[in-house]
Amino acid sequence: MKFPLLFALLASPAALCAADASQTIIDRAQQATPPSATPPVAPGIAVSPGDADAGNQRIAEKRTSPVKISVSYDTQFYYTDNVTLVAPGSVKENAFIWAQTVSVRGEFNSIALGEGMLTPSVGLVYQRFYHGIGEDHDVSPLDFSSLDFDSYSLPLGLRYRFGANWEANLGVTTNAVYGNDPSTNYHQILRSHTPAISLRKMIGLSDTQILSLGTSVSYSVTTADVSEGAFRDDRNDKTDYAVDAAYYYLMGKWTLGPTARVSYSDYLHWQESALATSGVNRREISASFGLSLSYALRPWASARLYSSYDFRKPQGNDEVDYSYTSKTLGLGLSLSAEF
């Protein structure tokens, strides 16, 4: 029945509002990072992508170290027209966001398994998001610093490449999101452990065109900060089913890359209100459509211009509207090195 739940919502507006900022941070932290225009498999590695009999032929490179270390830094400065991810019909607030990502990845020697190669890896990813860059608070009362957050991730993975440019991945990622509001103490908002499995097919359409098609399933076990109320600490637990596609058109140092991703999320223990005694069947479809244009400044550096359109549409019977639409336009710079 919805009436007891609606009564609980009306009876506890303070508790519900207290969770809004944290929920916005969690939602944005779980959004897909605006994509770079670099394809998942570097062009030129596949010698005969169209040879179905021989499969994916790769140039053998002797490695003296048992681990290949990759280090990267990415910085993005972008504009969004819906920084708080409010529902259609509500007043949207736009903002400029500065996002930085530092990642270290260790890839171990590959192991021949059947007709393919199995490669284990481990990584460490740090992200920092600043919201409302360039705001003049003497003119506008808006202050989005409460949405600033840091994210730390530890991904462990097994990649299996086989056949004609097929790739399967099995992994688990441990993640922690920390609120970085200067008016409060630096504190953990969300912790999660997410096992996932994915399958991807790379299709070489020509010497200058690559098509990537993928699908994935993930399950997130979460623990949220509930110090502001009596919410369940696992209300963000969910299962995600996703499909994605990307097309890369290579023009010398330029790469044009339209992308699309659609996901279906099923929340397992969602709770609309701190006083609600029953769970809510929260299910939703999210989608992101993007276009990026990148330029290789050096073999280890690239710049890009990108835009995206994102939306979320509820599919369950939740009383609160979690739908939103968001448009983004930004610039990015990526640096990388391998050892």
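Quick rundown of the values:
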{"item": "Condition check for ILE69: modelled with pLDDT under 95 and β-branched (Val, Ile, Thr)", "result": "no"}
{"item": "Whichever residue in the stretch 219-240 is crowded, with 18+ Cβ neighbours inside 10 Å and outside any loop (DSSP other than H, G, I, E, B) and, among such residues, is nearest to the chain's Cα centre (by Cα)", "result": "SER220"}
{"item": "Criterion violated by ALA112 - all others in (1) over 20 Å from ILE26 (Cα atoms); (2) exposed (fewer than 13 other Cβ atoms within 10 Å of the Cβ); (3) of a type outside the set (Val, Ile, Thr); (4) at pLDDT below 95 satisfied", "result": "(4)"}
{"item": "Residues of the stretch 271-309 satisfying the condition of being crowded, with 21+ Cβ neighbours inside 10 Å, outside any strand (DSSP E or B) and at pLDDT 85 or above", "result": "ARG282"}
{"item": "Subset of the stretch 166-218 that is among the small types (Gly, Ala, Ser) and surrounded by fewer than 14 Cβ atoms within 10 Å (Cβ to Cβ) - its residue that is farthest from PHE144 (Cα to Cα)", "result": "SER206"}
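The values are calculated or read from the model by the stated rules, or taken from the named source; none is laboratory data. Predicted model only: the values in this text are computed from it and were never measured. Counting neighbours? That spans all protein chains shown, and the Cβs are built from the backbone with ideal geometry, glycine included.
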